[in-house]
Amino acid sequence: MARIDLHLHSIYSDGEFRPCEVVKFGHQKGTTALSLTDHDTVGGIPEALQTGQDLGIDIIPGIELSAYSENREIHILGYYIDWTDPRLDARLQVLRQSRHTRNREILTRLQELQFPLTYEEVKAVAGRDSVGRPHIAHLLVQKGYAANLQDAFRTFLGEGALAFVPRHLPQAREVIEWIREAGGVAVLAHPCCIKRKKEELFKYCETLRAEGLQGIEVFYSAHTPKDIRDYLEIARKLNLLVTGGSDFHGSIKPGIAVGVGRGGLKIPQTLLAPLRKAAGQDR
Ligand code: AMP
Ligand code: ZN
Ligand code: FE
Ligand code: FE
């Protein structure tokens, strides 16, 4: 069975590897299509497209955006976006700026707790466009302030932890609109993270669909066979597209490989045609 992977991160956000390396990993695993979905940036897409062309892999321009819906953070994936769209670029710049504001507040809290880090150090770890908590976590470990990344989140950075600062986020409705305005298809990422019973998740997805959502990420590294059955049922009943991805980051999320994920993840290539059609890319 030909397989694909539609959820991947690179150094342009909080991934460990360059876009060209991520695409090469997918090539080594025999995937036929990949989507680079960095948080709040399209900066890695030209490199991914070039490597995809060199290796004969279909690259779908993608993105992952955070949003609030019913007072909790969710992630929305955008596929087949026009990554050269200046309006999208302006919106992404605002999102990345809000990251800087929040990151600086986190560093102030850490300083108060006697765990000083400079923002120059954090930016040096991040390297490219989107700077976030994983980069701060990495530095906390490097400095010996935390035992590992999990510990850094548990002690300092996770929701409710000592240096946690909420980020100003747009509403899901807005994020979905931005993706669609840029010609993309809006998909709910990792529904397992919403932690709701099937019936509640159904209602949640129904609300998001009314706000323009077009698909859900049914296949995902953390999804159990039961999750997959439940989400397939929700997708069918709500006429939502089905997508899948590993959420590969490198060592930030250990045990996940491009195209293979974790736990025997297999994302069939057959998911791609309906997605492409929804994006109007099938002509
Ligand atoms: P940010 O985008 O800056 O809010 O950081 C959120 C990212 O941090 C998520 O996309 C995850 O990749 C990562 N993350 C969140 N919680 C944890 C955790 N407990 N352990 C490791 N990584 C986490
Ligand atoms: Zn990430
Ligand atoms: Fe996510
Ligand atoms: Fe992700």
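The values are calculated or read from the model by the stated rules, or taken from the named source; none is laboratory data. None of the values given here were measured: they were computed from a predicted structure. For neighbour counting, all protein chains shown are included, and Cβ atoms are generated from backbone atoms with ideal geometry for every residue, glycine included.
Observations, loosely collected:
- Evaluation of Gln93 against (1) surrounded by 22 or more Cβ atoms within 10 Å (Cβ to Cβ); (2) of a type outside the set (A, V, I, L, M, F, W, C); (3) farther than 15 Å from Pro19 by Cα (one fails), failing number: (1)
- Leading residue by the ranking (surrounded by the most Cβ atoms within 10 Å (Cβ to Cβ)) among those in the stretch 171-198 that are more than 18 Å from the chain's Cα centre (by Cα) and at pLDDT 95 or above: Gly183
- Scan of the stretch 58-87 for residues that are part of a strand (DSSP E or B) and either in contact with a Lys or Arg (Cβ under 6 Å, 6 or more places away or on another chain) or hydrophobic (A, V, I, L, M, F, W, C) (or both), ordered by number: Ile59, Ile60, Ile63, Leu65, Ala67, Ile74, Ile76, Leu77
- In the condition set (1) within 30 Å of Lys195 (Cβ to Cβ); (2) free of Cβ contacts under 8 Å to residues at least 40 places away in the same chain; (3) more than 15 Å from ligand 2 (Cβ to nearest atom), Glu105 is compliant with all but (2).
- So Ala124, is it of a type in the set (A, V, I, L, M), assigned to a loop (DSSP other than H, G, I, E, B), surrounded by fewer than 19 Cβ atoms within 10 Å (Cβ to Cβ) and free of Cβ contacts under 8 Å to residues at least 12 places away in the same chain: no
- Hey, Ala182 touching a helix residue (DSSP H, G or I) at 6+ places or on another chain (Cβ under 6 Å), within 26 Å of Ile81 (Cα to Cα) and within 16 Å of ligand 4 (Cβ to nearest atom) or not: no
- Comparison of Ala152, Ala146 shows that the only residue that is in contact with a Lys or Arg (Cβ under 9 Å, 6 or more places away or on another chain) and either free of Cβ contacts under 8 Å to residues at least 12 places away in the same chain or exposed (fewer than 14 other Cβ atoms within 10 Å of the Cβ) (or both) is Ala146.
- Residues of the stretch 92-119 satisfying the condition of being among the polar types (S, T, N, Q) and either within 12 Å of ligand 1 (Cβ to nearest atom) or out of contact with any helix residue (DSSP H, G or I) (no Cβ under 9 Å at 6 or more places or on another chain) (or both): Gln93, Gln97, Ser98, Thr101, Asn103, Thr108, Gln111, Gln114
- The lone criterion from (1) assigned to a strand (DSSP E or B); (2) at pLDDT below 95 left unmet by Glu217 is number (2).
Residues are listed down the side, and each one gets a yes or a no for (1) of a type outside the set (A, V, I, L, M); (2) within 18 Å of the chain's Cα centre (by Cα):
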residue: Asp85; (1), (2): yes, no
residue: Asp89; (1), (2): yes, yes
residue: Thr101; (1), (2): yes, no
residue: Ala124; (1), (2): no, no
residue: His138; (1), (2): yes, no
residue: Asn148; (1), (2): yes, no
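- Residue within the stretch 199-215 that is within 16 Å of ligand 1 (Cβ to nearest atom) and within 29 Å of Gln28 (Cβ to Cβ) present: no
- Qualifying positions in the stretch 242-269 - outside any loop (DSSP other than H, G, I, E, B) and either of a type in the set (Phe, Trp, Tyr) or crowded, with 21+ Cβ neighbours inside 10 Å (or both): Val242, Thr243, Gly244, Gly245, Phe248, Gly261
- So Ile63, is it within 16 Å of ligand 3 (Cβ to nearest atom), surrounded by fewer than 22 Cβ atoms within 10 Å (Cβ to Cβ) and modelled with pLDDT of 95 or more: no
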